[in-house]
Every structure is written in C-alpha cells, then in structure tokens.
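Asks: Would you mind keeping the following structure in view while I ask a few things?
The values are calculated or read from the model by the stated rules, or taken from the named source; none is laboratory data. What you see is a predicted model; the values in this text were computed from it and never measured. Here the Cβ positions follow ideal geometry from the backbone for every residue, glycine too, while neighbour counts run over all protein chains shown. Accessible surface is based on the protein model in full, side chains and every heavy atom, while ligands, DNA and RNA are left aside. Shrake-Rupley method; radii C 1.70, N 1.55, O 1.52, S 1.80 Å.
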Amino acid sequence: MQNTAIYYCAYCGEENSTFVDWSAGAQQSYVEDCQVCCRPNILYVHFDEDMEEVEINTEPES
C-alpha cells in the first residue's frame, strides 16, 4: 500500500503529490491547494476493491 499518490492540478495541469489515508474509506473527497499555482482543487480519491491502487480525479473549486 502506498501512502502518497499523484494528481494533476485542474488549473495549471502540473503534477502534484498528496498523502492518502487508506483508513478513511474507499471513496473520499477533499480540497487541496496545488503545490505549483496554489489554487484550490477538489480531489476525488477512489481506492480499488483490493485497496491496492488509488485514482485521483480533480476539479477546480468554485
């Protein structure tokens, strides 16, 4: 199990790394600022059924 995952900023498209909390459930969402442009992204975190891989989708926070 990995403790970090990669997502791409919804504003500038730059790659970011974030910590993931496997114990918080298979589907999560929260706001995190881009490490490059500092704009807020809504992260939608989804863990697969075996809790081995994580996928993060983003959208701009309005």
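Asks: Among E49, E15, E32, which one shows the highest mean-square fluctuation when the chain is modelled as a Gaussian network with alpha-carbon springs under 10 Å?
Replies: Largest GNM mean-square fluctuation: E49.
Asks: Which of the cysteines in the chain are isolated, no other cysteine C-beta under 4.7 Å?
Replies: C38, each lacking another Cys Cβ under 4.7 Å.
Asks: Based on the Cα atoms of the chain, what semi-axes does the equivalent ellipsoid have, where each is the square root of 5 times one gyration tensor eigenvalue, given in whole Å with the largest first?
Replies: That gives 21, 11, 9 Å for the three semi-axes.
Asks: At what distance in nm do the modelled label points of I6 and V36 sit from each other, each positioned 7 Å from its Cα along Cα→Cβ?
Replies: 1.2 nm
Asks: Send over a whole-number figure in Å² for the accessible area per residue of region 9-59, probe 1.4 Å.
Replies: Here the residues of region 9-59 average 63 Å² of exposed surface.
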